[in-house]
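Any read-out appearing in this document is the output of simple, stated calculations on the displayed coordinates, not a laboratory observation. All of these numbers come straight from a predicted model, not from anything done at the bench. All Cβ positions, even for glycine, are placed from backbone atoms using ideal geometry, and neighbour counts span all protein chains on display.
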Amino acid sequence: MISVSLPDGSVKEFEAGTRPIDVAMSISEGLARNVISASYDGQTIESTTPLETDGNLVLYTWRDPQGKQAFWHSSAHVLAQALEELYPGVKLTIGPAIENGFYYDIDPGEHTISEKDLPKIEQKMLEIARGKHEFSMRSSTKEDALEFYRSQGNEYKVELIEGLEDGTITFCDHDTFTDLCRGGHIPNTGIVKAVKLMSVAGAYWRGDENNTQLTRIYGVSFPKQKDLKEYLELLEEAKKRDHRKLGKELELFTFSQRVGQGLPLWLPKGAALRERLENFLKAAQKKAGYEMVISPHIGQKDLYVTSGHYAKYGEDSFQPIKTPHQDEEFLLKPMNCPHHCEIFKSKPWSYKDLPRRYAEFGTVYRYEQSGELHGLTRVRGFTQDDAHIFCTPDQLNEEFKKVIDLVLYVFQSLGFEDFVTQVSVRDPENPDKYIGSKENWDIAEKAIIEAAEQKELNYVIETGEAAFYGPKLDFMVRDALGRQWQLGTIQVDYNLPERFELEYKGSDNEMHRPVMIHRAPFGSMERFVAILLEHTAGNFPLWLMPEQVSILSLSEKYENYAQKVLNLLENHEIRALADNRNETIGRKIREAEMNKIPYMLILGEQEEQQGTISVRKHSEGDLGSMSVEEFATLINNEIAGSIKEFNV
């Protein structure tokens, strides 16, 4: 008999050789019908894998991310089989599950596969799936595995196997198909009911442009046709909300090849929106006791060698800037934290002076690969809403919780209500990835978990996701389309104070190291604006809109009255513009709607005579006639309802 522990804390006894699907059946028949994958003691297994020892079992369904990964990984196998049957002689390489679906890279040989071939491949996949072929794992010796692929002339699989240790090599079989595989599959192909191949792209073997260019086919699959229909509808909505499209239409930002890839140019409306975001956070930070600092865009290479950033990110940075002075090199600033350490170090401190909270909207530069650049979400120059808190160990818990409050305030004010938190800790199996002592890491991780529990956050622990200098608390926000984004982050760091030899005098008159908290509620201004733009579809909160009101006069005769209304609104600090063009009112309204201006004020003879305005709201329609004072009250009440004061 073996003892199987379940996530709810219960422990059940089963005969050795019992499968996860049998455990599911012992709980309920409904659960057994829906289980598609499992893990045992943290190791991904099949739902049909025999359990031979005591352990911790987690069962996954389609609703779980791990279940989807198994589903899409299995679908990649079906895609590979379809390609082999349709295009004899193709060479398979790798085919993983990804965030939304899967892909398979192949060397097509003499064949050419394009977008027009995708429907045919989809049909072949569904034909294979309907066979309900079971996925079965088997072990292989390294010698047999190499012989199998050498006989096929598949140099790609041979290269992969040569990098594996004998005794760790496994294959997955289904129907007449077999593939090198580590495992993690659904029970059989019949669970795949709907398939959509999304695109064909080129990809270099192992991501190296010096290697052979392969053909990559992207796809997605679902257990129900209805799920695929909903997914495709979501994709269409995502296209409409694409921040690159909306940013251009709303004249927020642009890019120029002459300026350089990944270097956004903020247009007047975008710059004004960004400034309001900065002022919003600055006001909250001032209440919370932060002091604004400014650091240069470059720093000596030695600064980043000291911090450890050069060793970790030197290859991803822009090339050093050499000066006429011998051996003098500068880097474009990849991080703000080393500069803030030097600011702290510029004078002596006592424990009575702490905490010190330094904040900066600091622009940093990283040389992202051109293929990874994407609008504002992946750029080479971006501005972080960075702050670093230097405190005593006794102050750490309280300071960390105050930062959590600030992040939650930002989310509340900008309409991000659906989020979870992730405690990102180090991977104990890879200590070389991190700097600092195990003792300091243990203290820092414990501090984050305690603060998260005291603030009653819904958090998960992710091993191996920590920054190289310390663990962190990441806020994972779900947007209006259900997509998850990592936004705010808070990190505890015992290591940079050590590297920069930061000190303060304690109550015992001895010198001590401060603890450092890194935090950025927005993350970066560029990425945050992009996510906010897609989340709201360009309908920002009223307080943030570049233009809150458009004054539309029926003709040029009412231009003077339009100016009077504009002046009154400006007295109430309401952002408005007057559209006095010689165009029809219908066209003016359509353009204001397209520009997502929240309110339109229509002015004609009746409004001028009565001293009123006719109010129309974006996407809702007419609100009726009212005075400018009444309208100003309506606007200010709406703003007050969406943005609260930050209470320290």
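Computed quantities for the displayed model
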item	result
Label selected from (1) 1.02; (2) 0.95; (3) 1.39, the criterion being Rg/Rh (Cα atoms, Kirkwood Rh) as computed here	(1)
Disulfide-incompatible cysteines by the Cβ rule (no partner under 4.7 Å) in the chain	CYS337, CYS341, CYS391
Long pairs among LYS226/LYS472; LYS287/LYS455; LYS124/LYS224; LYS345/LYS402, criterion Cα-Cα beyond 27 Å	LYS226/LYS472
In Hz, Karplus ³J(HN,Hα) per residue of the range 541-550 (6.51, -1.76, 1.60; θ = phi - 60°; x = Gly, Pro)	x, 4, 5, 9, 4, x, 10, 8, 9, 10
Nearby aspartates and glutamates by direct alpha-carbon distance to LYS644 (threshold 19 angstrom, same-chain neighbours under 8 apart not counted)	GLU275, GLU278, ASP405, GLU417, ASP418, GLU573
Set LYS12/LYS401; LYS240/LYS269; LYS269/LYS557 screened for pairs whose C-alpha atoms are more than 32 Å apart	LYS12/LYS401
Which of LYS347, LYS312, LYS287 has the fewest Cβ neighbours within 10 Å, and the rest in rising order	LYS347, LYS287, LYS312
Inter-label distance for GLU251 and HIS111, nm, one decimal - labels placed 7 Å from Cα along Cα-to-Cβ	5.1
Pair HIS572, GLU372: separation of 7 Å Cα→Cβ label points (nm)	4.9
In order through the range 3-9: 3J(HN,Hα) via Karplus (6.51 cos²θ - 1.76 cosθ + 1.60), integer Hz, x for Gly, Pro	9, 10, 8, 10, x, 7, x
Charge dipole of the range 253-536 about the Cα centre (unit charges at C-beta), most positive-ward option of ILE490, TYR358, ASN397	TYR358
Assigned charges on the beta-carbon of Lys, Arg, Asp, Glu; the range 2-61 dipole about Cα centre (debye)	200
Span-like helix ranges in the chain, DSSP H, alpha carbon extent 30 angstrom or more, Kyte mean at least -1.0	65-86
Set of lysines with alpha-carbon distance to LYS322 below 20 Å, sequence-local pairs under 8 removed	LYS301, LYS333
Cα lying deepest toward the dipole's positive end in the range 1-100, options THR53, SER3, ALA82, charges on Cβ	ALA82
Magnitude of the charge dipole, the chain, Cβ model with Lys/Arg +1 and Asp/Glu -1, debye to 20	1520
Of the GluC sites (Glu not before Pro) in the range 594-648, those whose Cβ has at most 14 other Cβ within 10 Å and which sit in DSSP loop	GLU620, GLU645
SER507 paired with ARG138, simple spin-label distance in nm, labels 7 Å along Cα-to-beta-carbon	7.1
